[in-house]
Amino acid sequence: MKTCITGGLILNPATNLEQITNIYIEDGRIEFIGEKSTEGYTVIDATGKWVIPGLVDLHVHLREPGFEHKETIATGCLAAARAGITTICPMPNTNPVIDTANMVRYVCDAATVVNVIPVGAITKGQNGAEVADITGMAAAGICALSDDGKTAMNSAIMKEAMGIANSVGLPIFSHAEDMNLIGGVMNEGKNSVRFNLKGLGREAEEIIIARDMILARHNNARLHICHVSTKGGVELIEFGKKLGIRITAETAPHYFILDDSILFDHDSNKKMNPPLRTKEDVASIRAALRSGILDAIATDHAPHSLAEKASPIETAPFGIIGIETSFALSYTHLVKTGILTPLELISKMSTTPAAIIGIDKGNLDVGKIADIAIIDVNAKYKINSQDFVSKSRNTPFEGMEVFGVVEKTLVNGQIIYENSISCS
């Protein structure tokens, strides 16, 4: 099949291309970029739209196996397609845990429409006591290792895992949380006192960032810090990069948009881990995205059922969904505000995440696989969780006005999603 995407603004950070021109696709790959005849091609008119490499989300929770009432691999894949995300990396905190080659193959076999590359557990059962079969999982196709949702607190275990991960060429994704300092509901500070809610201190995040940086430095390991939320975490990561540690880091839209003042209503849909921090932390996260200290934007998509999130905030589970709002929130709050350029945004949501896990994605150059999103960044709408493809609705962004509607998503040159909703 031959397809031509015409008239769109191509944004390709991998080649620093920002140009209105055509993309010609044949047999799932980009064969030409520029102007030539479209005869024999199926034409997609992208005039006035962005044409970007499919987004790569390094951090999602698809819940399957074990928690299919929250999300399934299939529904998570459909949500990704709707969001212009063509590659997702599900975390291993399922039941059973993704800690063996067979479990990795289970997730890969259940994938639909988009590319699914699992993250394997660092320890067996995520129990922190014994390193999992990293070599076997690597052969089965994982992209990284993490005990996300928990921290491998034993430094000897983490050191051992880093050594094995190095031998198979995989990064460690650090869930930076000292498990001895958990138990709160929201960020510890003035607002937790004001709202009479138990606080989670920022030191829990920063202690583990520091520890894992030290281990990575002495073992020459590749370290990626997940869901950075604090100013202190940013400062540590900046220091680590200056030391030459092989460190990258991600944050999520809620950490550069929202702060802990919104928890005045005790809404469980605003409860996440790490928690929303202060306005000062939000400003620091934004500045770190601009400066490059923070390399990537992920979602930490964490679906929960309506019944679970209807519980009081003290007992409701942590986590919010984020796949279907990620681009619009990021574009609205980072590009329209002048914090990032369009190319910088796409780099942090596609090209750089692909590089972090070492996959040949996030690039619209000739010869590359045609994983592509076409987005109308001028289309404005209000977030409505009832429109989501995800099985869950736990978003703190309900009713927020944003810009950026995904019009089409292509994987291997095939249209897997096409928008049919009109927006203002």
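Quick look at the numbers
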| read-out | value |
| --- | --- |
| Test: residue in the range 260-268 that is buried (at least 24 other Cβ atoms within 10 Å of the Cβ), part of a loop (DSSP other than H, G, I, E, B) and not basic (Lys, Arg) | no |
| Options Glu344, Glu314; residue that is modelled with pLDDT of 95 or more, under 23 Å from Val56 (Cα atoms) and open to solvent by 40 Å² or more (accessible area, probe 1.4 Å) | Glu344 |
| Qualifying positions in the range 127-139 - surrounded by fewer than 24 Cβ atoms within 10 Å (Cβ to Cβ) and either under 22 Å from the mean Cα position of the chain (by Cα) or among the aromatic types (Phe, Trp, Tyr) (or both) | Ala138 |
| Sole residue being open to solvent by 40 Å² or more (accessible area, probe 1.4 Å) and under 22 Å from Gly8 (Cβ atoms), chosen from Asn363, Asn378, Asn384 | Asn378 |
| Test for Gly399: is it of a type in the set (Gly, Ala, Ser) and surrounded by fewer than 21 Cβ atoms within 10 Å (Cβ to Cβ) | yes |
| Qualifying residue in the range 81-88 (condition: closer than 19 Å to Asn419 by Cβ, open to solvent by 10 Å² or more (accessible area, probe 1.4 Å), touching a residue at least 40 places away in the same chain (Cβ under 8 Å) and hydroxyl-bearing (Ser, Thr, Tyr)) | no |
| Of all residues in the range 402-424 being within 20 Å of the chain's Cα centre (by Cα) and open to solvent by less than 20 Å² (accessible area, probe 1.4 Å), the one that is farthest from Asn115 (Cα to Cα) | Val402 |
| Wholly enclosed helices (runs of 4 or more DSSP H) of the range 111-209 bearing at least 3 residues among the polar types (S, T, N, Q) and modelled with pLDDT of 95 or more | 155-167 |
| Residues of the range 140-160 satisfying the condition of being touching a residue at least 12 places away in the same chain (Cβ under 8 Å), open to solvent by 10 Å² or more (accessible area, probe 1.4 Å) and more than 26 Å from Gly76 (Cα to Cα) | Met153, Asn154, Ser155, Ile157, Lys159, Glu160 |
| Residues of the range 32-55 classified as touching an Asp or Glu at 6+ places or on another chain (Cβ under 7 Å) and either closer than 16 Å to Asn363 by Cβ or acidic (Asp, Glu) (or both), total | 2 |
| Residue tally, condition in contact with a Ser or Thr (Cβ under 7 Å, 6 or more places away or on another chain) and assigned to a loop (DSSP other than H, G, I, E, B), over the range 2-35 | 3 |
| Test: residue in the range 226-248 that is touching a residue at least 60 places away in the same chain (Cβ under 8 Å), more than 20 Å from Asp295 (Cβ to Cβ) and assigned to a strand (DSSP E or B) | no |
| Condition broken by Ser326, with the remaining ones in (1) under 30 Å from Glu31 (Cα atoms); (2) open to solvent by 10 Å² or more (accessible area, probe 1.4 Å) satisfied | (2) |
| Residue under evaluation Leu181, criteria (1) open to solvent by 10 Å² or more (accessible area, probe 1.4 Å); (2) in contact (Cβ under 8 Å) with a residue 24 or more places away in the chain; (3) within 28 Å of Met400 (Cβ to Cβ), criterion not met | (3) |
| Residue match in the range 54-62 (condition: in contact with a strand residue (DSSP E or B) (Cβ under 7 Å, 6 or more places away or on another chain), farther than 24 Å from Ser174 by Cα, in contact (Cβ under 8 Å) with a residue 12 or more places away in the chain and surrounded by 15 or more Cβ atoms within 10 Å (Cβ to Cβ)) | yes |
| The range 1-37, residues that are open to solvent by 10 Å² or more (accessible area, probe 1.4 Å) and aromatic (Phe, Trp, Tyr) | Phe32 |
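The values are calculated or read from the model by the stated rules, or taken from the named source; none is laboratory data. Since we're looking at a predicted model, the values are computed, not measured. Heads up, the Cβs are rebuilt from the backbone with ideal geometry, glycines too, and the neighbour counts pull from every protein chain shown. Ligands, DNA and RNA are excluded from the accessible area calculation, which covers all protein heavy atoms including side chains. Shrake-Rupley method; radii C 1.70, N 1.55, O 1.52, S 1.80 Å.
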